[in-house]
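Q: Got a structure for you, written out below as structure tokens; questions coming shortly.
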Amino acid sequence: EGGDHYVSGLLGRRTKNSLGGLILGLRMKEIALGSQGLKVTELGYGCMGLTSFYGHKLPDDEVVGMLKKVFDRGVRFWDTANAYVYSDFWRLLQLQSPVVCQEEIIGKVLQEVGRENVVLATKTGIRMKVFPKPTMELDSTPEFVRQQCEDSLRRLGTTYLDIFYLHRISPTTPIEVTMATLRDP
């Protein structure tokens with residue numbers, strides 16, 4: 001049919017599309033995650049590479065644009081973490097910490113697309129240290145987990161997290177203690 005393509009699979013139905021790609025604004029097929037009624041899109045988006053670990057951080061406007069494209073293509077299950085940080089030395093001029101958590105950018109996008117339209121997962125269990133050199137330290141103590149939950153809520157600009165889980169398990173805190181904290185903060 002000329003240049004027409006059909007998109008199926010994750011969208012859950014065949015849809016005619018003359019653009020040759022995913023149709024914007026459609027919802028992807030959702031599946032149950034766990035036994036408590038949470039539904040997520042079959043395809044999720046891991047946000048780590050947007051700001052950390054895979055080369056240089058993209059400019060904020062490009063990160064926002066990327067997340068909006070992901071959203072427009074129906075991927076509504078996003079995963080981030082308190083450990084996904086980057087340096088912004090211009091913040092020093094404003095007497096702020098130069099360490100920025102990726103969750104701040106995601107929070108801006110959530111305001112635009114609507115928090116209720118994204119299933120959001122974020123993680124704890126890694127304490128990032130910047131000085132004297134960048135290091136990661138495992139920490140799943142109840143105090144750290146509670147503080148990171150509050151910090152994530154603030155950075156993301158939301159009152160709830162769909163999924164909050166451990167990035168890494170600390171060998172110095174019994175897992176039962178950490179799990180009790182996650183269950184009953």
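Q: Please find, among 85, 99, 109, the residue that is closer than 23 Å to residue 166 by Cβ and either without any contact (Cβ under 8 Å) to a residue 24 or more places away in the chain or within 14 Å of the chain's Cα centre (by Cα) (or both). Spell out the reasoning first.
A: Values: 99 fails: either without any contact (Cβ under 8 Å) to a residue 24 or more places away in the chain or within 14 Å of the chain's Cα centre (by Cα) (or both); 109 fails: closer than 23 Å to residue 166 by Cβ.
Criteria check complete, one pass: 85.
Q: On the basis of being open to solvent by less than 70 Å² (accessible area, probe 1.4 Å), modelled with pLDDT of 80 or more and not acidic (Asp, Glu), does residue 33 make the cut?
A: no
Q: Let me ask another. Return the residues of the range 153-185 that are polar (S, T, N, Q) and touching a helix residue (DSSP H, G or I) at 6+ places or on another chain (Cβ under 6 Å); say none if nothing qualifies. Write out each step before concluding.
A: Initial filter on the range 153-185 (polar (S, T, N, Q)): 158-159, 170, 172-173, 178, 181.
The answer is 158, 181.
Q: Another one. Restricting to the range 129-152, count the residues that are open to solvent by less than 30 Å² (accessible area, probe 1.4 Å) and free of Cβ contacts under 8 Å to residues at least 24 places away in the same chain.
A: Qualifying residue count for the region: 1.
Q: When residues of the range 130-185 are filtered for being of a type in the set (Phe, Trp, Tyr), under 30 Å from residue 113 (Cβ atoms) and in a loop (DSSP other than H, G, I, E, B), how many remain?
A: Going through the range 130-185 one residue at a time, the tally reaches 1.
Q: Please tell me if residue 161 is open to solvent by 20 Å² or more (accessible area, probe 1.4 Å), touching a residue at least 12 places away in the same chain (Cβ under 8 Å), in contact with a Lys or Arg (Cβ under 6 Å, 6 or more places away or on another chain) and among the aliphatic types (A, V, I, L, M).
A: Working: open to solvent by 20 Å² or more (accessible area, probe 1.4 Å): yes; touching a residue at least 12 places away in the same chain (Cβ under 8 Å): yes; in contact with a Lys or Arg (Cβ under 6 Å, 6 or more places away or on another chain): no; among the aliphatic types (A, V, I, L, M): yes.
Answer is no for this residue.
Q: For the range 84-94: of the residues being out of contact with any Ser or Thr (no Cβ under 6 Å at 6 or more places or on another chain) and not in a loop (DSSP other than H, G, I, E, B), which is nearest to residue 29 (Cα to Cα)? Quick ask: steps written out before the conclusion?
A: So the first thing to find is which residues in the range 84-94 are out of contact with any Ser or Thr (no Cβ under 6 Å at 6 or more places or on another chain), and the list is 85, 87-94.
Next cut, not in a loop (DSSP other than H, G, I, E, B) only: 85, 87, 90-93.
On the way: 85: 31, 87: 37, 90: 42, 91: 41, 92: 44, 93: 46 Å.
Top of the filtered list is 85.
Q: Of the numbered conditions (1) closer than 24 Å to residue 30 by Cα; (2) in contact (Cβ under 8 Å) with a residue 40 or more places away in the chain, residue 126 satisfies every one except a single condition; which is it?
A: (1)
Q: Right, another one. Test each condition in (1) open to solvent by 80 Å² or more (accessible area, probe 1.4 Å); (2) within 21 Å of residue 40 (Cβ to Cβ); (3) of a type in the set (S, T, N, Q) for residue 94 and report the one that comes out false.
A: Just one mismatch for residue 94, condition (2).
Q: Give me the pairs, please: first residue somewhere in the range 46-64 and outside any helix (DSSP H, G or I), second residue anywhere and open to solvent by 60 Å² or more (accessible area, probe 1.4 Å), beta-carbon distance under 8 Å, and either six or more positions apart or on two chains.
A: Final answer for the pair search is 58/66.
Q: Same structure again: So, residue 121, is that one within 27 Å of residue 54 (Cβ to Cβ), touching a Cys at 6+ places or on another chain (Cβ under 9 Å) and surrounded by 19 or more Cβ atoms within 10 Å (Cβ to Cβ) or not? Steps first, please.
A: On the way: within 27 Å of residue 54 (Cβ to Cβ): yes; touching a Cys at 6+ places or on another chain (Cβ under 9 Å): no; surrounded by 19 or more Cβ atoms within 10 Å (Cβ to Cβ): yes.
Here the answer is no, as residue 121 does not meet what is asked.
Q: I'd like to verify a number: residues in the range 164-180 that are over 26 Å from residue 109 (Cα atoms) and either open to solvent by 30 Å² or more (accessible area, probe 1.4 Å) or among the charged types (D, E, K, R) (or both), how many? Walk me through it before giving the result.
A: Residues of the range 164-180 that are over 26 Å from residue 109 (Cα atoms), as a first pass: 168-180.
Cutting the leftovers down to either open to solvent by 30 Å² or more (accessible area, probe 1.4 Å) or among the charged types (D, E, K, R) (or both) gives us 168-169, 171-172, 174-177, 179-180.
Number satisfying all stated conditions: 10.
Q: I'd like to check something: does the range 70-83 contain any residue that is crowded, with 17+ Cβ neighbours inside 10 Å, polar (S, T, N, Q) and assigned to a helix (DSSP H, G or I)?
A: Within the range 70-83, not a single residue is crowded, with 17+ Cβ neighbours inside 10 Å, polar (S, T, N, Q) and assigned to a helix (DSSP H, G or I).
The values are calculated or read from the model by the stated rules, or taken from the named source; none is laboratory data. Being a predicted model, the structure only gives us computed values, none of them experimental. With ideal geometry, Cβ positions are generated from the backbone for all residues, glycine too; neighbour counts draw on all protein chains shown. Protein only, heavy atoms only, side chains kept; ligands, DNA and RNA dropped before computing areas. Shrake-Rupley method; radii C 1.70, N 1.55, O 1.52, S 1.80 Å.
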